[in-house]
Amino acid sequence: MRIRTVRHLVILALAFTGAFSALAQTTSSGTLNVVLTNGSGLQMLLYTDSSGVTLGNSGTAAATLAFGSLSAHGTPPTNVTITNQTSTFTATTYFDVYVQESGLDDPNNGYTLSASVTGTITGVTIQIDGTSLTTTAQNLSGTGTYATDVRHTLGAVISTAASGSGGPTTGTQLTSTINLVATSN
């Protein structure tokens, strides 16, 4: 009986030792995934100017401007000015560019604004601030100020030549995409 009691005590002691060892070695692990968005850089927004044609999607980086039906003679659409030249007429309106910077080394240096068109329209030259745009980027301004609506003039110089003789196709909607790029100075 004594051997049995000793055996039970040894088994009981081993059981308690194992339980305390398990408590002493309790561990846990976890994983933390860190997600961030780099805020350094520039953001450009296009706005309707108070004296310009109302932009579609104003306040975004992908706005649209519809001049409407244009003619060298007659009443121009609201907020569009028509100027007649010898063999062309120019339709102009205003739009605003707002460039916000974040995390740049020296935001006081401002930005350079350039523009290009993705394609050309026969008999139509697109201009911004009097600079004719091509498929190669043209410098518009080297002194843009951040966090300010900067007014720009959009112009379409339209040939009065007949369709097929250098003039645009009459009675059809003509479209052009302008790419604006702001680069920190």
message = Would you confirm whether or not the stretch 96-119 contains a residue that is of a type outside the set (Asp, Glu) and over 28 Å from Asn185 (Cβ atoms)?
response = yes
Search result, residues across the stretch 14-56 that are out of contact with any Ser or Thr (no Cβ under 9 Å at 6 or more places or on another chain), outside any strand (DSSP E or B), at pLDDT 65 or above and under 30 Å from Leu113 (Cα atoms) = Ser50
query = Which one is nearest to Ser165 (Cα to Cα) among residues in the stretch 117-131 that are small (Gly, Ala, Ser) and loosely packed, with under 13 Cβ neighbours inside 10 Å?
reply = Gly119
query = Cβ-Cβ below 7 Å, separation at least six or inter-chain, first residue in the stretch 163-179 and on the phi > 0 side of the Ramachandran plot, second surrounded by 13 or more Cβ atoms within 10 Å (Cβ to Cβ) and outside any loop (DSSP other than H, G, I, E, B): which pairs?
reply = Gly166/Ser159
note = Within the stretch 64-96, the count of residues that are assigned to a loop (DSSP other than H, G, I, E, B), under 24 Å from Leu46 (Cβ atoms) and among the aliphatic types (A, V, I, L, M) comes to 4
remark   = Note on the stretch 144-165: residues farther than 24 Å from Ala115 by Cβ and surrounded by fewer than 14 Cβ atoms within 10 Å (Cβ to Cβ) are Ala162, Gly164, Ser165
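The values are calculated or read from the model by the stated rules, or taken from the named source; none is laboratory data. Just so we're clear, the structure is a prediction, and the values are computed from it rather than from any experiment. Note that each Cβ is placed from the backbone with ideal geometry, even for glycine, and that neighbours are counted across all protein chains shown.
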